[in-house]
Every structure is written in C-alpha cells, then in structure tokens.
Amino acid sequence: MTRWRYATATDTGLVRETNQDAMLVTDSLALVADGMGGHAAGEVASILTTEVVGELFERNSTVEGLYSAIEAANLAIIADARENPERFGMGTTVIAVGLTHDSMGVISPTLFNVGDSRAYQLRDGALRQLSEDHSVAEEWVRMGRLTPEEAATHPRRHQLTRALGVDDALDIDVSSIDALPGDRILLCSDGLSNELSVDSLAKLASAPKPLEEAVNELVSAAKHSGGRDNISVVLLEFDEVNVASSPIKKTVSAKAPPVATSQMASAIHPSRRRRRLTWRVWAGAAFIALVAAGAVAVVHWYAYSGYYLGDDAGLIAVYQGQPNGVLWYKPVKVLDTTYSARNLRPSDIRSLQATISEPSLTAALHYASYLHTAWLLSRATSPPVVTTTTLAKG
Ligand code: MG
C-alpha cells in the first residue's frame with residue numbers, strides 16, 4: 001500500500017479580491033488549480049477542474065485514467081465558456097499527484113502538470129522541484145535564452161504557454177515520483193512560490209511539525225512577503241510506499257512552441273487592436289454588428305444550452321448542444337465515460353439511443369453513473385420465480 005497524510009491551506013492574499021485557486025485532496029488524489037479570467041470565471045475553471053478530475057479519477061485510478069480526467073476537465077471548461085460567453089478566455093493551471101494503479105496492482109504516486117503551479121519533493125530537509133513551469137520566461141530559461149535570475153523578474157514570467165481551457169488539444173507533463181516513507185510533497189499555486197525563496201520553502205515545508213502547522217506557516221510567510229496573489233498549499237507526507245516496478249518516464253513533452261502562440265496570447269490577453277474609421281462607417285458597422293451579435297448570441301446560447309447522453313462506439317458519451325444541432329452549431333462531444341452503452345437495462349438502451357437530455361455536465365455524469373448502477377443491480381437481483389399451478393378437478 002501507499003498511503004499519505006495531508007494538510008491544506010488557501011488564502012486570497014493581500015491584493016486580490018477573490019480567491020480563484022481551488023484544491024482537492026483525498027486519500028488517493030491531491031490537486032491544486034490556479035484559475036484565471038475575469039468576472040469570477042477563473043474560479044469556475046479551477047472548481048470545475050477539481051470536480052471533473054475528482055469524479056473521473058475515482059472511477060479509473062490508472063495513469064491513463066488521470067490523464068483522461070484532466071483532458072475531460074479541459075473540454076468541460078471550453079464547453080462551459082462556449083455556453084457562457086462572459087467567461088470567454090477563462091482557464092486554469094493544474095498540478096496533481098495521483099496514487100495510480102498499474103496492471104500488477106502496484107500503487108505509486110504519479111505527477112501531472114499543466115501551467116505554472118508547482119510540485120516540490122522534500123527529503124531530509126532538502127527541496128527538489130519536480131515540475132517544470134509552462135511559462136514563456138521558464139521556457140526561455142530551458143532554451144538558454146534567459147538565466148533563472150533573469151526569469152524571476154522577466155515581464156513574461158506570468159504568461160503561460162499551456163493551460164486548461166485554451167485548446168481542445170492538451171499536453172500534460174506526466175512523471176512518476178520516486179517516494180520514500182517520510183518524504184513530503186508540496187503542491188502550490190504561484191502565489192506561494194513567487195513570494196518565497198527556495199530556502200524558505202524548504203525550511204518551512206520540511207519543519208518537523210504537524211502538517212497543519214507547516215501549511216499555515218507557509219501561507220503566513222507568503223502574505224508577509226507581499227501576498228500579491230492567491231496562495232494555495234497542499235502538503236503530503238508518505239507513511240507507506242510501494243516502489244513502482246517500472247518507473248514511468250516523462251511520457252509527454254511540450255509540443256507547444258516555447259513562446260506563447262498568438263491564439264494562446266489572445267485567449268489570455270484579448271487583443272485590443274482598433275481601427276480608425278470615419279463616424280459614418282463606424283455607426284453603420286456598429287449597428288449591423290449589434291443586431292448580428294444579438295441574433296448569434298441567442299442562437300448560440302440555445303444551441304449549447306444543454307447536455308445529453310448518447311452511445312459513442314459502445315461507451316456512454318456526454319455531448320453538449322442539441323442532438324440534431326441548431327443551424328451551423330453542431331453538438332460537441334465533451335467526454336466519453338467509462339460506462340458501456342450496451343450493458344444497460346433494455347429500456348435504458350432504448351432511451352440512450354434516443355438520447356437522454358440533462359441540464360448540466362455534472363447531472364449528465366451522475367445520470368450515466370445511475371444507468372450503469374441500475375444495470376448492475378438488475379443483474380444482481382434474481383429473476384422472479386414463475387410457478388405454474390395446475391388445479392386438478394376432483
Ligand atoms: Mg496564481
């Protein structure tokens with residue numbers, strides 16, 4: 001068995017008005033997500049990530065399962081932004097450690113990373129960074145264009161080259177963690193790592209104190225240093241560890257270019273290009289744009305206002321949109337569940353083939369789970385005994 005104890009702490013900090021970080025820790029999964037986007041959208045992106053990843057990892061706790069769960073969270077954020085245009089551009093980082101099962105039943109810790117939240121390992125008071133930041137400045141350090149010292153103050157140090165919510169295709173760094181009993185793992189948002197030196201992080205996170213005290217002292221120190229961003233900390237300590245028989249190499253490398261693409265840059269920092277126009281052209285264009293935008297917004301809202309379950313090559317899949325589409329808006333598949341679309345009660349198979357509508361992604365996932373459970377229960381129940389009684393006339 002591999003087991004950990006944990007403590008968490010989060011704080012809005014001294015400058016931001018809201019806390020857009022989100023955390024999730026269970027006996028087998030620890031995750032920090034640092035959301036970004038105005039109008040509380042960053043909060044939606046980070047919370048959605050904890051919900052989707054938590055729910056899907058519970059059903060499939062392999063490396064592939066956790067990878068797919070993070071991909072599903074990415075698609076769920078994109079789907080939510082499509083449904084709620086005021087959240088356009090929202091995104092989140094994710095750093096997660098899962099106790100993943102391999103085919104031999106060995107459970108070992110595996111690290112997943114997208115963005116610039118960080119994971120550190122602490123052993124004997126020494127601290128080692130496990131994750132690589134996906135920011136423009138850190139990519140340039142890896143290319144040799146900047147020194148780490150220059151990157152620490154570079155204006156593009158906060159500009160991410162990877163995040164959830166930006167593109168359907170997502171690259172996730174995956175690596176196994178070689179842990180020993182007594183090792184601690186620190187997961188944090190950049191509100192902690194930007195405020196404290198490596199020496200301070202090492203000293204506070206490895207202090208021989210209860211984990212609860214250590215996380216609270218880390219947050220206090222970050223606030224004392226300025227608290228310019230939301231601060232979130234998860235501290236894990238391994239009690240028991242199974243060593244994986246074949247450590248996983250880093251399986252996914254950064255396919256994204258080392259500088260922010262124009263698409264990424266515009267998603268995070270919407271372009272503000274403006275053109276000079278005469279007032280007549282401006283007024284005419286504005287009127288037409290207003291009418292067109294209103295019509296498009298109404299159709300768009302209706303087209304993606306719901307979710308439904310369907311059969312996708314034998315698995316129950318969750319789609320967003322109207323089953324037959326609306327004008328040019330076709331429904332999009334949000335994710336495949338792990339549930340078979342064939343192993344269901346006959347009436348549920350018919351319902352699924354006709355598509356089952358649900359108001360939200362969470363409701364759709366719950367209903368898929370219900371369909372599967374109902375089938376399992378129907379199999380567990382013995383069929384009713386049919387007896388034939390013949391009455392003999394005397
Ligand atoms: Mg942050």
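Couple of notes before you dig in:
- Check on residue 22, of a type in the set (A, V, I, L, M, F, W, C), crowded, with 17+ Cβ neighbours inside 10 Å, at pLDDT 95 or above and under 14 Å from the mean Cα position of the chain (by Cα): yes
- Of all residues making up the stretch 94-140, the number that are of a type in the set (A, V, I, L, M, F, W, C) and either within 16 Å of the ligand (Cβ to nearest atom) or within 24 Å of the chain's Cα centre (by Cα) (or both): 13
- Total residues in the stretch 327-357 satisfying the condition of being among the aliphatic types (A, V, I, L, M), surrounded by fewer than 14 Cβ atoms within 10 Å (Cβ to Cβ) and not in a loop (DSSP other than H, G, I, E, B): the figure is 0.
- Residue 215, sole failed condition from (1) in contact (Cβ under 8 Å) with a residue 24 or more places away in the chain; (2) within 16 Å of the ligand (Cβ to nearest atom); (3) under 23 Å from residue 16 (Cα atoms): (2)
- Sub-6 Å Cβ pairs linking a first residue in the stretch 83-97 that is in contact (Cβ under 8 Å) with a residue 24 or more places away in the chain to a second residue that is part of a strand (DSSP E or B) and basic (Lys, Arg), at least 6 apart or interchain, number zero.
- Every residue from the stretch 224-238 that is in contact (Cβ under 8 Å) with a residue 60 or more places away in the chain, away from the ligand (no atom under 16 Å from the Cβ) and more than 23 Å from residue 123 (Cα to Cα): none
- Within the stretch 182-233, tally of residues that are surrounded by 20 or more Cβ atoms within 10 Å (Cβ to Cβ) and in a helix (DSSP H, G or I): 13
- Residues of the stretch 100-120 satisfying the condition of being touching an Asp or Glu at 6+ places or on another chain (Cβ under 8 Å) and either among the hydrophobic types (A, V, I, L, M, F, W, C) or on the phi < 0 side of the Ramachandran plot (or both): 108, 111, 112, 113, 114, 116, 117, 118
The values are calculated or read from the model by the stated rules, or taken from the named source; none is laboratory data. In this text, all values refer to a predicted model and were calculated from it rather than measured experimentally. No Cβ is skipped: glycine too gets one built from the backbone with ideal geometry, and neighbour counts run over all protein chains shown.
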